Amino acid sequence: MIPYSKQFLSEDDIAAVVAVLRSDFLTQGPEIPRFEKAARQFCGAEHAVAVSSGTSALHLACLAMGLGPGDCLWTSPITFVASANCALYCGATVDFVDIDSSTYNMSPEALKEKLAHARRAGKLPKIVVPVHLAGQSCAMEKIFELSREYGFHILEDASHALGATYRETPVGKCEFSDAAVFSFHAVKMITTGEGGMVVTNDAGLAARVARLRTHGITRAKEEMAGGSEEDWYYEQTDLGVHARMTDIQAALGRSQMRALPQFLSRRREVAAWYGELLAGSPYGLPWQDPAAASSWHLFILQCADAEARKRIFAAMRKGGVGVNVHYIPVYRQPYYRKLGFPAGYCPKAEAYYARALSVPVHPGLERNDVESLARMLRELA
Ligand SMILES: *Cc1c(COP(=O)(O)O)cnc(C)c1O
C-alpha cells in the first residue's frame, strides 16, 4: 500500500532517541528547550513551547488567550476536528466560516461578512483559527486587518504548514497572528510520534502556555501569588493540564528538523510532478496563491463530481493506494449536528468535500511512483 503520507526516519533520528534513553532525563530534560529553540529559529518567532500534541497546543493556546464560557471561536469547516474542539474544551462555543473555492482555506470575504453580522448581533468571536489546509497559508494579511477592526485574537492552525511561507516569511513567524501551532503526528511535516508546539512573539502568552502544560504550576517567583524563598516551594496559579512532551520526543523532533529542508524539497517536487502529469486531465489541481509557498503536507485533487470521487477512491484503495479525504466538514459530525449545525451550513465547504481526494505525497516518493499514480488516476477519471 502506498500511503497518502508517512514518516521518514533516518539512522540519525534513531541515534538521537537512543542517546536520550541512555541519559538521565526521559522527560523535561535538556532536549525540550533545544527542540523549542530549533523550531523558534526555523520560524523566526521569539518563543516556542513544546507540548504533547497539536491538539494540546490548540487547547492551551486558547486557554492562554483567555477563552472561556460565554466566548466564541471561529474556524474553517474543512479541517481536522481538533481546530474546533479546542473551543469546547474551554467551555466556549464554536462557529464556522465558509471556505474560498480556490484555496479551500477560510474565505476572508466570508469572514468579513460574518463579522459584520456578528457585530450587529453582539456576538463577535474572541479567537479566529485560520487553518493552512494542505500547507498553503491562508490570506493572513486580510484576516489580520479584520482582527484590527473587530478585535479578535488570531491563532493559526499550522499543523500542515511547517516549512511553508507566506509573503516570503515562514509560517510560524506570527507576523499576522498572536500565535501558531504545529503538530508532529507521524503523518505531518516532521514527527515526534505524537507532539505539538505553540510559537508566538508574545512572551506572556508563551509563559502561560508553558505553565498550563504542567498543571498551571510555576517555580518562577515573578509568577507567584504569595511566594517563598524556600527551594522546594512552587505554586499552582491556574488550572492547567498535563500536556508535556518527553525528552525522547524532543530529541527526535530536533533531529527531524535537520531533515526538514530535504522533506520540503521532495514534497515540492512530487507536487510539481503531479501538476505536470495530470495537466489537462478531468481532475481539478490545487490552485496556488502567489503570496504563499505550500509545504505540501497534502495534495488534494477535485474529482469531476461526487460519483467519480466515490468510484475513484474505492478503485485506488483496491489498487493498493492509500488515498484519503480531507476533510468531512466538521459541523457534519454527529457531535456537532447535535449542537444545532444543519446540513449545508457552509455550501462551498460541502461542494469541495463532495469531490475532494488526497493522493499520496511524502518524501519517500520517486518520480516513477508518481508516474504510475498519475497513470492510475487518468485511467479512472
Ligand atoms: C493533525 C492536526 C491537528 C491535531 O494534531 P495532533 O498532533 O494529532 O493532536 C490539528 N489540526 C489539524 C488541521 C491537523 O491536521
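Is it the case, given these coordinates, that H132 is within 21 Å of V81 (Cα to Cα), surrounded by fewer than 24 Cβ atoms within 10 Å (Cβ to Cβ) and within 10 Å of the ligand (Cβ to nearest atom)? Taking the combined requirement at face value, the residue does not satisfy it. Here A272 fulfils each of the conditions (1) of a type outside the set (K, R); (2) within 16 Å of the ligand (Cβ to nearest atom); (3) at pLDDT 95 or above; (4) within 30 Å of S372 (Cβ to Cβ) apart from (2).
If I filter segment 263-317 down to residues being in a loop (DSSP other than H, G, I, E, B), touching a residue at least 40 places away in the same chain (Cβ under 8 Å) and among the aliphatic types (A, V, I, L, M), which single residue comes out as farthest from V359 (Cα to Cα)? My answer is A291. Restricted to segment 1-81, the set of helices (runs of 4 or more DSSP H) holding at least 3 residues that are more than 27 Å from W296 (Cα to Cα) and out of contact with any Phe, Trp or Tyr (no Cβ under 8 Å at 6 or more places or on another chain) comprises 11-21. Of all residue pairs spaced 6 or more apart or on separate chains, those with beta-carbon atoms under 7 Å, a first member in segment 18-36 that is surrounded by 14 or more Cβ atoms within 10 Å (Cβ to Cβ) and a second member that is among the basic types (K, R) and assigned to a helix (DSSP H, G or I) are E31/R254; R34/R254; F35/R254. Which count do you get for residues in segment 105-132 that are in a loop (DSSP other than H, G, I, E, B), in contact (Cβ under 8 Å) with a residue 24 or more places away in the chain and farther than 17 Å from Y166 by Cβ? Qualifying residue count for the region: 4. Being out of contact with any Ser or Thr (no Cβ under 6 Å at 6 or more places or on another chain), modelled with pLDDT of 95 or more and within 30 Å of Q28 (Cα to Cα) is the requirement here; does M316 meet it? No; evaluated as a whole, the condition is false for this residue. Of all residues in segment 51-95, exactly one satisfies the criterion of being buried (at least 24 other Cβ atoms within 10 Å of the Cβ), farther than 17 Å from L239 by Cβ and away from the ligand (no atom under 14 Å from the Cβ), namely W74.
Let me confirm something: among G172, G151, which residue is in contact with a strand residue (DSSP E or B) (Cβ under 9 Å, 6 or more places away or on another chain), more than 18 Å from N85 (Cα to Cα) and not aliphatic (A, V, I, L, M)?
Numbers: G151 fails: in contact with a strand residue (DSSP E or B) (Cβ under 9 Å, 6 or more places away or on another chain).
Among G172, G151, only G172 is in contact with a strand residue (DSSP E or B) (Cβ under 9 Å, 6 or more places away or on another chain), more than 18 Å from N85 (Cα to Cα) and not aliphatic (A, V, I, L, M).
Kindly indicate whether E46 is touching a Ser or Thr at 6+ places or on another chain (Cβ under 8 Å), surrounded by fewer than 16 Cβ atoms within 10 Å (Cβ to Cβ) and not hydrophobic (A, V, I, L, M, F, W, C). The answer is yes for E46. Name the single residue that is surrounded by the fewest Cβ atoms within 10 Å (Cβ to Cβ) among those in segment 177-216 being among the hydroxyl-bearing types (S, T, Y) and outside any strand (DSSP E or B). Among them, the one singled out is T191. Quick one: in segment 153-169, of everything that is surrounded by fewer than 24 Cβ atoms within 10 Å (Cβ to Cβ) and in contact (Cβ under 8 Å) with a residue 40 or more places away in the chain, which residue is nearest to the ligand (Cβ to nearest atom)? Here the residue is A164.
The values are calculated or read from the model by the stated rules, or taken from the named source; none is laboratory data. Computed from a prediction, not measured in an experiment: that's the story for all the values here. Every residue, glycine among them, receives a Cβ derived from its backbone with ideal geometry; neighbour counts consider all protein chains shown.
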